[in-house]
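Here's the structure we're looking at; comments come further down.
The values are calculated or read from the model by the stated rules, or taken from the named source; none is laboratory data. A quick note: this is a predicted structure, and the numbers were derived from the prediction, not measured. Glycine also receives a Cβ, built like all others from the backbone with ideal geometry; neighbour counts cover every protein chain displayed. Each accessible area value is taken on the protein alone, full model and side chains, heavy atoms only, with ligands, DNA and RNA left out. Shrake-Rupley method; radii C 1.70, N 1.55, O 1.52, S 1.80 Å.
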Amino acid sequence: MTREEKSQVIQDLTEVLADTNTLYLADISGLNAQTTSNLRRACFKAGIQLSVVKNTLLAKAMEASDKDFGDLPTVLKGNTSMMISEAANAPAKLIKEFRKKSKKPLLKGAFAEESVYIGDDQLDALVDIKSKEELIGEIIGLLQSPAKNVIGALQSGGQKLSGILKTLSEK
């Protein structure tokens, strides 16, 4: 690879890093062709972009990026695959599900929601991150719950004014 080609790859990686808020680094070495194909298919279905990267080029792209990746460049050793997704917890869920059948992929580190996670032991913490849609759904559920309780109580209190006032005073 020529110096110009390396510079172009670093520039492309820097643009990719600028456009994403979720980056997972995983080790998928040792997977056979069938398992690798299954992993790529699962990533595609989940909307996760999976690509193998050269550690030195990714490290230089991280340095050139405006984002603070903290200690994430320290995990760039051996075989490294990059997983990029819109949802912060999607790659973690996919890795956890995939590991029910295989020992890999191993999580090296992740950059999610402007936080850095180092090591495979952080997988459960990453799975627990809620997406925007999940948070909005929970908030709507919480907001609807009290209204449903009051309406239900009013209906059970009968149609008489005294029953409604009694129900409201209890709530």
| Quick one: what pairs do we get from the stretch 53-77, first residue at positive phi, second among the small types (Gly, Ala, Ser), C-beta under 9 Å, 6+ apart or different chains? | GLY70/SER115
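One line per residue, one yes/no per condition, for (1) among the aliphatic types (A, V, I, L, M); (2) open to solvent by 90 Å² or more (accessible area, probe 1.4 Å); (3) touching a Gly at 6+ places or on another chain (Cβ under 7 Å):
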residue: ASN79; (1), (2), (3): no, no, no
residue: GLU113; (1), (2), (3): no, yes, no
residue: ASP120; (1), (2), (3): no, no, no
residue: LEU135; (1), (2), (3): yes, no, no
residue: ILE139; (1), (2), (3): yes, yes, no
| request: Specify the residue that is most open to solvent (accessible area, probe 1.4 Å); the eligible residues are those in the stretch 64-77 that are out of contact with any Asp or Glu (no Cβ under 9 Å at 6 or more places or on another chain) and acidic (Asp, Glu). | output: ASP66
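Name the single residue, out of those in the stretch 83-93 being out of contact with any Lys or Arg (no Cβ under 8 Å at 6 or more places or on another chain) and surrounded by 19 or more Cβ atoms within 10 Å (Cβ to Cβ), that is nearest to GLY47 (Cα to Cα). Before you say what the answer is, go through the steps one by one.
To start, the set of residues in the stretch 83-93 that are out of contact with any Lys or Arg (no Cβ under 8 Å at 6 or more places or on another chain) comprises 83-88, 90-93.
From what is left, the residues that are surrounded by 19 or more Cβ atoms within 10 Å (Cβ to Cβ) are 83-85, 87-88, 90-92.
Details: MET83: 10, ILE84: 9, SER85: 7, ALA87: 9, ALA88: 12, ALA90: 8, PRO91: 9, ALA92: 13 Å.
Top of the filtered list is SER85.
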| Hey, does the stretch 94-101 have a residue that's over 12 Å from ASP27 (Cβ atoms), free of Cβ contacts under 8 Å to residues at least 40 places away in the same chain and among the aliphatic types (A, V, I, L, M)? | no
| Can you tell which of LYS54, LYS45, LYS96 is open to solvent by 20 Å² or more (accessible area, probe 1.4 Å), more than 16 Å from the chain's Cα centre (by Cα) and among the charged types (D, E, K, R)? | LYS54
| message | Taking the condition of being within 26 Å of VAL116 (Cβ to Cβ) and either open to solvent by 30 Å² or more (accessible area, probe 1.4 Å) or in contact (Cβ under 8 Å) with a residue 60 or more places away in the chain (or both), how many residues in the stretch 15-39 meet it? | response | 17
